[in-house]
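Colleague: Pasting a structure here, questions to come.
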Amino acid sequence: MSRPWLLLAMCAGTALVGCSKSPTPEVPAAAPTASPVTTAETASASSSAEPPAESSLSLKRGTLVLAAQQATFRPCNEGSELWVVDQTDGDLRRTFANESTPLELYIEAHGERAPVPEGNIAARAFTGAFLLEEVLFATQPAESQGCKEPAPTYIVRASGNEPFWSVEVGAERMTWRQPDEPKEVIVEAPQSQDAEGTVGFVGTAGEHKVELFVDSQPCRDSMSGAFYAYSARAVLDGKDFKGCARIGE
């Protein structure tokens with residue numbers, strides 16, 4: 001099965017700032033301490049060793065801590081923290097503006113490592129930096145197992161509340177789950193489609209038809225408050241369901 005998901009990544013990875021976003025509250029200004037770093041230009045090479053090579057489009061998982069004037073990121077299965085250079089225009093700060101800081105979040109994101117920014121006194125305490133390019137998913141630890149969960153193997157997982165439902169799309173099948181009948185519907189080899197920034201997956205299993213449409217619009221879970229970079233609409237046998245979507249590798 002091909003992965004049309006890359007079509008969404010074209011918007012998410014290179015032009016998400018131009019995609020439509022839901023209004024979010026402004027973050028109140030905090031008293032300055034060390035000079036915050038918000039642009040890639042300030043993350044020039046330092047005298048430290050070169051960071052390990054990696055693709056910015058591969059999924060990065062870890063714990064991000066938002067403080068008043070800085071943020072740090074600790075990748076899963078690593079012990080050291082990285083200074084965060086935020087290239088998202090403050091998406092997380094706006095999303096979680098009503099939460100007190102420091103705020104710990106489990107995140108899944110696109111980005112890459114870099115040397116610590118020169119000229120930033122606070123950043124000197126760190127061995128490296130993380131250029132945060134796009135936040136795909138973020139939630140407080142109490143709402144998720146975070147790094148304890150295995151890395152995702154699905155293409156996309158979508159879910160919603162009231163009523164609860166979920167759809168997981170893998171390389172070979174799409175699985176619908178809900179508390180009511182039919183509790184599970186497994187669609188083999190779903191067909192994929194895309195149109196104007198929306199990616200769809202469609203298939204049938206016996207008398208049931210499952211459709212999933214994922215759009216590049218930010219979404220908040222109505223119960224947990226988790227942030228998702230994508231919204232979702234599912235259709236089971238003609239009945240509509242709305243929710244949020246989370247992408248994998």
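Colleague: Farther than 18 Å from Leu57 by Cα, modelled with pLDDT of 90 or more and crowded, with 20+ Cβ neighbours inside 10 Å: does that describe Leu105?
Modeller: For Leu105, the condition - farther than 18 Å from Leu57 by Cα, modelled with pLDDT of 90 or more and crowded, with 20+ Cβ neighbours inside 10 Å - is met.
Colleague: Let me ask something additional. Within region 21-40, is even one residue among the charged types (D, E, K, R) and either in the same structural domain as Glu133 (by TED's automatic domain parsing) or at pLDDT 95 or above (or both)?
Modeller: No, region 21-40 has no match at all.
Colleague: Please verify whether region 133-148 includes one or more residues that are of a type in the set (Lys, Arg), free of Cβ contacts under 8 Å to residues at least 12 places away in the same chain and not in a loop (DSSP other than H, G, I, E, B).
Modeller: Yes.
Colleague: So, Phe227, is that one touching a residue at least 12 places away in the same chain (Cβ under 8 Å), in the same structural domain as Ala114 (by TED's automatic domain parsing), in contact with a strand residue (DSSP E or B) (Cβ under 8 Å, 6 or more places away or on another chain) and not aliphatic (A, V, I, L, M) or not?
Modeller: Against the criterion (touching a residue at least 12 places away in the same chain (Cβ under 8 Å), in the same structural domain as Ala114 (by TED's automatic domain parsing), in contact with a strand residue (DSSP E or B) (Cβ under 8 Å, 6 or more places away or on another chain) and not aliphatic (A, V, I, L, M)), Phe227 does not qualify.
Colleague: Which number in (1) modelled with pLDDT under 95; (2) not assigned by TED's automatic domain parsing to the domain that holds Leu92 marks the one condition that Gln140 misses?
Modeller: Of everything listed in (1) modelled with pLDDT under 95; (2) not assigned by TED's automatic domain parsing to the domain that holds Leu92, Gln140 misses just condition (2).
Colleague: Looking at region 102-130, which of its residues are in a loop (DSSP other than H, G, I, E, B) and over 12 Å from Leu64 (Cβ atoms)?
Modeller: Pro115, Val116, Pro117, Glu118, Gly119, Asn120, Ile121, Phe126, Thr127, Gly128
Colleague: Restricting to region 64-100, name every residue that is under 21 Å from Cys147 (Cα atoms), among the hydroxyl-bearing types (Ser, Thr, Tyr) and modelled with pLDDT under 95.
Modeller: Listed by number, the list holds a single entry, Ser80.
The values are calculated or read from the model by the stated rules, or taken from the named source; none is laboratory data. Quick caveat, the model's predicted, so the values are computed rather than measured. Backbone-built Cβ (ideal geometry, glycine too); neighbour counts: all protein chains shown.
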